[in-house]
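**Student:** Next up is a structure, given as structure tokens.
The values are calculated or read from the model by the stated rules, or taken from the named source; none is laboratory data. All values reported here derive from a predicted model rather than from experimental measurement. Neighbour counts run over all protein chains shown; Cβ positions are idealised from the backbone, glycine included.
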There are 2 protein chains.
Amino acid sequence: MRKLEFWYDFASSYSYLSAMRIEAAAADAGVAVVYRPFLLGPIFKSQGWTTSPFNLFPAKGQYMVRDITRVANARGLPFRMPEAFPANSLHAARVALAGESSGWIAPFTRAVFEAEFTAQRDIADPTVLASVLERIGVDAQAALARATTPEIKDGLRAQTETASTHGIFGAPTFLASDGELFWGDDRLDQAISWAVHKAR
Amino acid sequence: MRKLEFWYDFASSYSYLSAMRIEAAAADAGVAVVYRPFLLGPIFKSQGWTTSPFNLFPAKGQYMVRDITRVANARGLPFRMPEAFPANSLHAARVALAGESSGWIAPFTRAVFEAEFTAQRDIADPTVLASVLERIGVDAQAALARATTPEIKDGLRAQTETASTHGIFGAPTFLASDGELFWGDDRLDQAISWAVHKAR
């Protein structure tokens with residue numbers, strides 16, 4: 001089956017837009033989604049940025065909220081910015097990785113983004129992650145414990161380095177099996193089409 | 001007639017994509033395009049950037065070329081990056097403003113973008129601008145002379161300040177008559193639809 005890698009940071013507002021539709025859009029095209037959580041922080045830092053560009057450049061930040069609100073409205077999707085932006089997404093990303101082998105990374109990803117961008121919950125808070133895990137029927141205590149093992153910590157670090165190696169500089173990014181990159185929620189349809197027709 | 005302002009910098013590669021399709025797309029929807037050339041340089045400078053973000057952040061710059069190539073291919077549009085990027089667009093923007101009252105700003109805009117992003121001409125060169133003007137049937141000597149009058153120089157400076165006031169931080173940007181902003185070639189359809197249905 002054809003595959004498309006979905007690279008996202010749980011703090012990324014545009015990644016929320018893609019997370020809520022990628023599974024259905026890819027399935028319609030016969031493409032399997034491979035979830036690749038990573039951290040934008042180290043990548044931004046290497047560009048000299050200490051926080052999100054939406055905070056560093058206020059006009060861009062104001063526009064982003066307006067833009068996502070319009071897109072979300074058109075899709076019938078709720079959208080509310082969390083009080084602290086960008087959220088510290090380290091722990092959520094580790095938990096997601098812990099769910100990869102057990103098969104719940106996809107529903108966990110959607111549930112985290114929903115908690116953050118519709119219910120304005122702080123995803124850095126372990127109790128929030130625990131309630132998200134319970135909501136999708138996963139043993140929260142076991143998952144949170146596994147998320148802090150060296151295997152998972154190193155795995156996330158390696159995944160973030162791999163993102164950099166692929167030339168990824170923002171999120172969401174879609175990576176086809178031939179290395180072709182697509183950046184931004186507005187490139188998702190193009191990326192799926194590439195996965196079907198070009199990336200044989 | 002409904003209007004949509006098209007804010008662009010002649011050095012902007014994504015503005016090229018919009019310049020080549022905005023007239024037809026807007027006309028189909030019964031919307032008049034108002035051409036608003038401005039300079040991104042002072043806006044980037046206020047963000048602490050000394051050149052285009054595509055040069056400051058190489059991964060982003062490499063992606064931009066690939067992304068525009070894909071989009072241009074899909075539209076049957078040629079695309080080649082000029083040797084010097086970003087071009088010095090000061091003089092082209094002044095000439096464009098000089099053509100506003102005479103009614104040739106639209107064809108001039110398209111012809112400059114074509115010279116730059118298909119024929120790889122240096123639009124900072126007055127002889128290139130002269131040949132563009134001749135191509136669209138405008139008296140080149142008179143237009144280039146008018147472009148250096150205080151009225152036009154001050155006009156471009158004021159227009160760039162107005163861009164900032166509107167919250168514009170990049171190009172292309174589309175501004176509806178109610179102040180709603182849309183950034184990026186991929187938001188052109190949304191902007192036209194807003195001009196028709198919302199910005200009464």
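**Student:** What number of residues in the range A:1-12 are more than 9 Å from the chain's Cα centre (by Cα) and in contact (Cβ under 8 Å) with a residue 40 or more places away in the chain?
**Tutor:** Residues meeting the conditions: 4.
**Student:** Would you please name the residue that is surrounded by the most Cβ atoms within 10 Å (Cβ to Cβ), looking only at residues in the range A:20-67 that are of a type in the set (A, V, I, L, M) and within 12 Å of chain B (Cβ to nearest Cβ)?
**Tutor:** Per the stated criteria, the residue is A:I43.
**Student:** Looking for whichever is under 24 Å from A:M81 (Cα atoms), in contact with a strand residue (DSSP E or B) (Cβ under 8 Å, 6 or more places away or on another chain) and among the β-branched types (V, I, T) here; the options are A:T118, A:T109, A:T127. Which one fits?
**Tutor:** Unique residue meeting the criteria: A:T109.
**Student:** Continuing with the same structure: So, in the range A:72-97, exactly how many residues are within 14 Å of chain B (Cβ to nearest Cβ) and buried (at least 17 other Cβ atoms within 10 Å of the Cβ)?
**Tutor:** 1
**Student:** Can you tell me which residue within the range B:180-200, out of those that are part of a loop (DSSP other than H, G, I, E, B) and modelled with pLDDT under 95, is nearest to the other protein chains (Cβ to nearest Cβ)?
**Tutor:** B:K198
**Student:** Next question. Quick test for you: out of B:G167, B:G137, pick the one residue that is within 14 Å of chain A (Cβ to nearest Cβ) and on the phi > 0 side of the Ramachandran plot.
**Tutor:** One residue alone meets the criteria, B:G167.
**Student:** Sticking with this one: Could you tell me which of the residues B:E134, B:E116 is surrounded by fewer than 22 Cβ atoms within 10 Å (Cβ to Cβ) and in a helix (DSSP H, G or I)?
**Tutor:** B:E134
**Student:** Hey, another quick one. Can we say A:G155 is more than 19 Å from A:S52 (Cα to Cα), away from chain B (no Cβ under 14 Å) and touching an Asp or Glu at 6+ places or on another chain (Cβ under 9 Å)?
**Tutor:** In short, yes.
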